[in-house]
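Participant: Take this structure, written in structure tokens, and hold onto it; I'll ask about it next.
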Amino acid sequence: MRARPRPGGLAEAPGLFELTSQPAAGVLGADGHRARMRTRLLTAGPDALADHEMLEMVLFLALPRRDTKPIARLLLTRFGSFEAVISADPARLLAVDGVGEAGAAALKLVQGASLRLLRDTVRAQPIMSDWNKLLDYLIAGLAHERNEQARVLFLDVKNRLIADEVQNRGSVSQTMVYPREIMRRALELNASAIVLVHNHPSGDPTASKDDLTMTKDVQRAGAALSISVIDHLIIAGTRWVSFRREGWL
């Protein structure tokens, strides 16, 4: 029996739709590649994956129908490192072709999970007992910020972290800190001490005269309420300055 011609002159061959409904060979290959990466991750651990593979895996969870390898490589080319990618502003991530809202959200979720793990490590003991863990946490959160950000770490009587809160965000070169607002919040949290933190997007951690003046103002406000200013840290990329170590507190 001859196949009945379809409109337009094409014959409807037996099995045609079954064949065209199957995934393309490239899709099957991508699935195999993803399965191999999952196996490597689960058997050998995260260190078995290169940076672009780690990004690729994060993205294909959010973008299951896309080939995420070129997107991952484009992100690394654009931002320079895995850390810089996940720390980038959402708007900058969305500007990269193929990322989309789902991809940007997945990348920011990775950053949020990383910071939460670091914060929980800091929270587990008095911050003065392991200064390096505190610096790792602060650098992870501030090293790639493009604008200046003022934060305060509120501590209990044993110098354990109660809360880490952003007090203000400013321009590339300046932000404003209000001692009265800091002390009001410290009283609300029943904090006994604080650590001031801000970043210098310029990459230079040198303290300015305004930084020194603001620190003294906060210190005076705290002294009236028996709230100690343990330190003021300036984070500039991976470089930092401690007012306490410099003898300014």
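All of the numbers you see were taken from the coordinates with simple rules; none came from a lab. No experiment lies behind these values; they were computed from the predicted model shown. Here the Cβ is made from the backbone with ideal geometry for all residues, glycine too, and neighbour counts use every protein chain on show.
Participant: Write down the Å³ per residue value for the convex hull defined by the alpha carbon atoms of region 131-246.
Facilitator: With only Cα atoms used, region 131-246 gives 91 Å³ per residue.
Participant: A further question on this structure: Can you tell me the 0 to 90 degree angle between the C-alpha axis of helix 179-188 and the longest principal axis of the chain, rounded to 10?
Facilitator: Taking Cα atoms only, the helix is inclined about 80 degrees.
Participant: Let me ask something else. Just need the relative contact order of region 70-182 here, percent rounded to a whole number, with Cα pairs under 8 Å and 6+ apart.
Facilitator: 18 percent
Participant: Mind checking the angle between helix 25-44 and the chain's longest principal axis? C-alpha axes, 0 to 90 degrees, to the nearest 10.
Facilitator: Tilt of helix 25-44: around 40 degrees.
Participant: Let me ask something additional. Grab the DSSP H runs of the chain that are 4 residues or longer, score each as -39,500 (n - 2.57), total them, divide by all residues and round the 222 nm result to the nearest 500 deg cm²/dmol. Could you put the intermediate results ahead of the total?
Facilitator: Numbers: 11 runs with 124 residues, N = 249.
That calculation yields -15000 deg cm²/dmol at 222 nm.
Participant: Work out the FRET efficiency for VAL157 and SER208 from their Cβ-Cβ distance, taking R0 = 30 Å, and round it to the nearest 0.05. Don't jump to the answer; show the numbers that get you there.
Facilitator: Details: r = 32 Å, r/R0 = 1.07.
About 0.40, to the nearest 0.05.
Participant: Still on this model: Residue by residue through region 126-143, which ³J(HN,Hα) values in whole Hz follow from phi under the Karplus form 6.51 cos²θ - 1.76 cosθ + 1.60 (θ = phi - 60°), with glycine and proline marked x?
Facilitator: x, 5, 6, 6, 8, 5, 5, 5, 5, 5, 4, 5, 5, 5, 4, x, 10, 4
Participant: Considering only the chain, what is the antiparallel percent among its DSSP beta bridges, to the nearest 5? Write out the running numbers ahead of the final one.
Facilitator: On the way: 18 of 25 bridges.
Antiparallel: roughly 70 percent of the beta bridges in the chain.
Participant: Measuring from centroid to centroid over Cα atoms, what is the spacing of region 67-89 and region 173-204 in Å?
Facilitator: 32 Å
Participant: What FRET efficiency, computed as 1/(1 + (r/R0)^6) with R0 = 45 Å and r the Cβ-Cβ distance, is obtained for ASP130 and LEU94, rounded to the nearest 0.05?
Facilitator: On the way: r = 37 Å, r/R0 = 0.82.
The formula returns an efficiency of 0.75 here.
Participant: Label-point separation (nm) for LEU249 and HIS33, each offset 7 Å from Cα along Cα-to-Cβ?
Facilitator: A separation of 4.9 nm, rounded to one decimal place.
Participant: Still on this structure, please answer the following. Taking neighbour Cβ counts within 10 Å as the exposure measure, how do HIS33, HIS232 sort from fewest upward? It would help to have the intermediate numbers written out before the result.
Facilitator: Details: HIS33 15, HIS232 25.
Fewest to most other Cβ atoms nearby, the residues stand as HIS33, HIS232.
Participant: Sticking with this structure for a sec: Give, rounded to the nearest 20 debye, the magnitude of the charge dipole that region 28-116 has about its Cα centre when Lys and Arg contribute +1 at Cβ and Asp and Glu contribute -1 at Cβ.
Facilitator: Values: 12 positive and 10 negative charges, 34 e Å.
Computed charge dipole of region 28-116: roughly 160 debye.
Participant: Place the peptides 136-148, 106-118, 36-48 in order of packing, highest mean first, counting for every residue the other Cβ atoms within 10 Å and averaging per peptide.
Facilitator: 136-148, 106-118, 36-48
Participant: For the chain, calculate the relative contact order in percent as a whole number, restricting contacts to Cα pairs under 8 Å that are 6 or more residues apart.
Facilitator: On the way: 329 pairs, mean separation 29.1, N = 249.
Here the relative contact order equals 12 percent.
Participant: In this model, which of LYS158/LYS209; LYS108/LYS158; LYS69/LYS133; LYS158/LYS216 are farther than 29 Å apart at the alpha-carbon? It would help to have the intermediate numbers written out before the result.
Facilitator: Values: LYS158/LYS209 31 Å; LYS108/LYS158 32 Å; LYS69/LYS133 33 Å; LYS158/LYS216 23 Å.
LYS158/LYS209; LYS108/LYS158; LYS69/LYS133, as the Cα separations exceed 29 Å there.
Participant: Quick one: angle between helix 51-62 and the longest Cα principal axis of the chain, in degrees between 0 and 90, rounded to 10, please.
Facilitator: 70 degrees
Participant: For the chain, just the Cα set please: Rg and Dmax, both in angstrom.
Facilitator: My reading of the Cα-based Rg and Dmax gives 25.9, 99 Å.
Participant: Starting from the Cα of LEU61, step 7 Å along the direction of its Cβ; do the same at GLU165; then give the gap between the two resulting points in nm.
Facilitator: 3.1 nm
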